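For reference, the structure is listed below as structure tokens.
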Amino acid sequence: MSHTAVIIEQGHHNVDETTQQILSLANSLGDETSIVIFQPDNANLSEKFTNLNCDQIYALKIDSVHGTTLPDDIVISSLEWFCKDKNVDLILITKSAWSLNIAPRLAFRNKAAYAHDCIDIKIQGNNLSCVRPVYGGNALAQISIPADTPKVATVRAGVGQISEKVSNKIVPVIELEPEIKAKDLRVKILKTVTEAPEGPDLSKAEIVVAGGRGLGGPEPFEKLRELARVLGGAVGASRAACDAGWIDHNFQIGLTGKTVTPNVYLSFGISGASQHMAGCSGSRNIVSINSDKNANIFKDSKYGVVGDWNIVLPAFTAAARELVNEN
Ligand SMILES: Cc1cc2nc3c(=O)[nH]c(=O)nc-3n(C[C@H](O)[C@H](O)[C@H](O)COP(=O)(O)OP(=O)(O)OC[C@H]3O[C@@H](n4cnc5c(N)ncnc54)[C@H](O)[C@@H]3O)c2cc1C
């Protein structure tokens, strides 16, 4: 009997599309499937979680004295306790900046195997097979983990299908009070400042408008924002643009940034280095504007314009605005 637990990011209190995709994946791997959520004090979660294909939801209740945003140490300590208490074989977490800090440390504490940024996970014989992109997305590695080894894996957002089968049973919500080790109580978060995002979440946007070093400065990003607003999309950037301080690193796409899988990925002044493509090659249609006809990004692009963004971007935005207004 194997037990797979899907962890919901601390501070999130619903099952979004990505979590549902991971839940479907979890159901194809183990006998027992659980969702784990960090429950704020006095929250009634049972009403929110209906029609889910899982055996139970574990709500980890953490004393409010530790604040509303939990330090990573407390999260890891709680999950370490949970995995042992509930005999968890496999932990699945969406790949995000948060899980990047949590997952490898949790794996270390539980002496578990760790697979990061998986795009597929399946049972193969007696092993769990995890597939993940390597070398900047140019190759896929298959990691085989024996069934009897505990495992922690992060899964790329947008991977997998949501199971159409809807459970009619009422999923029980089980409250647990995890034991937290004293050494994990050293940090308390006093205040969190979050930049108010404009438009859709970059990781889930259907249209992404991204800019690179070829834009030449921070001002052109305002023009990209304007186009994103017209199209209802999100703005992203290459690492070179972020490193230059033209836009915050939260918007970085690539190997060391976010992974995006939009319908349309519009790039302006981005060369298409493999580390950048690692974060956007899953896009359905890449459309690139670059003044260099030999730019690498054209190899992955469905449509390309060889030209100066100064000329193409305003014309593109005007045409998009006209089309949107017509409809
Ligand atoms: C370990 C590691 C991790 C990395 N992680 C990431 C990552 O997560 N994300 C990432 O993006 N990079 C990452 N990089 C950096 C990556 O290798 C590239 O350096 C970076 O992606 C280049 O950004 P860029 O395309 O904006 O700039 P450049 O490579 O300098 O390209 C600028 C492009 O703009 C074009 N251009 C210039 N002027 C104009 C104009 N007027 N109109 C139109 N086009 C114009 C040029 O022809 C050129 O193709 C990583 C590197 C390493 C080593």
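The values are calculated or read from the model by the stated rules, or taken from the named source; none is laboratory data. Source: prediction; values computed, not measured. Glycine also receives a Cβ, built like all others from the backbone with ideal geometry; neighbour counts cover every protein chain displayed.
Filter the range 280-306 down to the residues that are near the ligand (Cβ under 7 Å from one of its atoms), touching a residue at least 40 places away in the same chain (Cβ under 8 Å) and surrounded by 18 or more Cβ atoms within 10 Å (Cβ to Cβ) and list them by number.
ASN290
Which condition breaks for SER144 when tested against (1) within 30 Å of ASN53 (Cα to Cα); (2) hydroxyl-bearing (Ser, Thr, Tyr); (3) not assigned by TED's automatic domain parsing to the domain that holds ALA107?
(3)
Could you list, in sequence order, the residues of the range 53-73 that are touching a helix residue (DSSP H, G or I) at 6+ places or on another chain (Cβ under 6 Å), closer than 19 Å to ALA182 by Cβ and not in a strand (DSSP E or B)?
HIS66, ASP72, ASP73
Test ARG186 against the stated conditions and say whether it is away from the ligand (no atom under 13 Å from the Cβ) and within 30 Å of SER78 (Cβ to Cβ).
Numbers: away from the ligand (no atom under 13 Å from the Cβ): yes; within 30 Å of SER78 (Cβ to Cβ): yes.
Considered against the rule, which asks whether it is away from the ligand (no atom under 13 Å from the Cβ) and within 30 Å of SER78 (Cβ to Cβ), ARG186 comes out as yes.
Could you look through the range 245-275, keep only residues that are outside any strand (DSSP E or B), near the ligand (Cβ under 9 Å from one of its atoms) and at pLDDT 95 or above, and pick out the one that is surrounded by the most Cβ atoms within 10 Å (Cβ to Cβ)?
From the range 245-275, those outside any strand (DSSP E or B) are 245-251, 254-257, 259-263, 269-275; that's our starting set.
Then keep just the ones that are near the ligand (Cβ under 9 Å from one of its atoms); that gives 254-257, 269-275.
Applying the additional criterion that residues be at pLDDT 95 or above yields 269-273.
Working: GLY269: 27, ILE270: 30, SER271: 20, GLY272: 21, ALA273: 17.
Restricting to residues being outside any strand (DSSP E or B), near the ligand (Cβ under 9 Å from one of its atoms) and at pLDDT 95 or above, the top hit is ILE270.
Looking at the structure I just gave you, is ARG213 within 12 Å of the ligand (Cβ to nearest atom), in contact (Cβ under 8 Å) with a residue 12 or more places away in the chain and surrounded by fewer than 20 Cβ atoms within 10 Å (Cβ to Cβ)? Walk me through how you get there before you give the answer.
Details: within 12 Å of the ligand (Cβ to nearest atom): yes; in contact (Cβ under 8 Å) with a residue 12 or more places away in the chain: yes; surrounded by fewer than 20 Cβ atoms within 10 Å (Cβ to Cβ): yes.
So ARG213 passes the test.
Return a yes/no flag: does the range 317-327 have any residue that is closer than 22 Å to ILE119 by Cβ and either over 17 Å from the mean Cα position of the chain (by Cα) or more than 7 Å from the ligand (Cβ to nearest atom) (or both). Don't jump to the end; show me each part of the working.
Of all residues in the range 317-327, those closer than 22 Å to ILE119 by Cβ come to none.
Within the range 317-327, none of the residues are closer than 22 Å to ILE119 by Cβ and either over 17 Å from the mean Cα position of the chain (by Cα) or more than 7 Å from the ligand (Cβ to nearest atom) (or both).
Out of all the residues in the range 230-242, is one or more touching a residue at least 12 places away in the same chain (Cβ under 8 Å), of a type in the set (Ser, Thr, Tyr) and farther than 15 Å from ILE289 by Cα?
Scanning the range 230-242 turns up no residue that is touching a residue at least 12 places away in the same chain (Cβ under 8 Å), of a type in the set (Ser, Thr, Tyr) and farther than 15 Å from ILE289 by Cα.
Could you figure out which of (1) more than 9 Å from the ligand (Cβ to nearest atom); (2) at pLDDT 95 or above; (3) within 21 Å of the chain's Cα centre (by Cα); (4) crowded, with 19+ Cβ neighbours inside 10 Å isn't true of LEU224?
Going through the list (1) more than 9 Å from the ligand (Cβ to nearest atom); (2) at pLDDT 95 or above; (3) within 21 Å of the chain's Cα centre (by Cα); (4) crowded, with 19+ Cβ neighbours inside 10 Å, LEU224 breaks only (3).
Can you list the strands (runs of 3 or more DSSP E) lying wholly within the range 74-140 that have 1 or more residues being surrounded by fewer than 21 Cβ atoms within 10 Å (Cβ to Cβ) and either at pLDDT below 95 or within 21 Å of the chain's Cα centre (by Cα) (or both)?
Result: 113-118, 120-124, 127-134.
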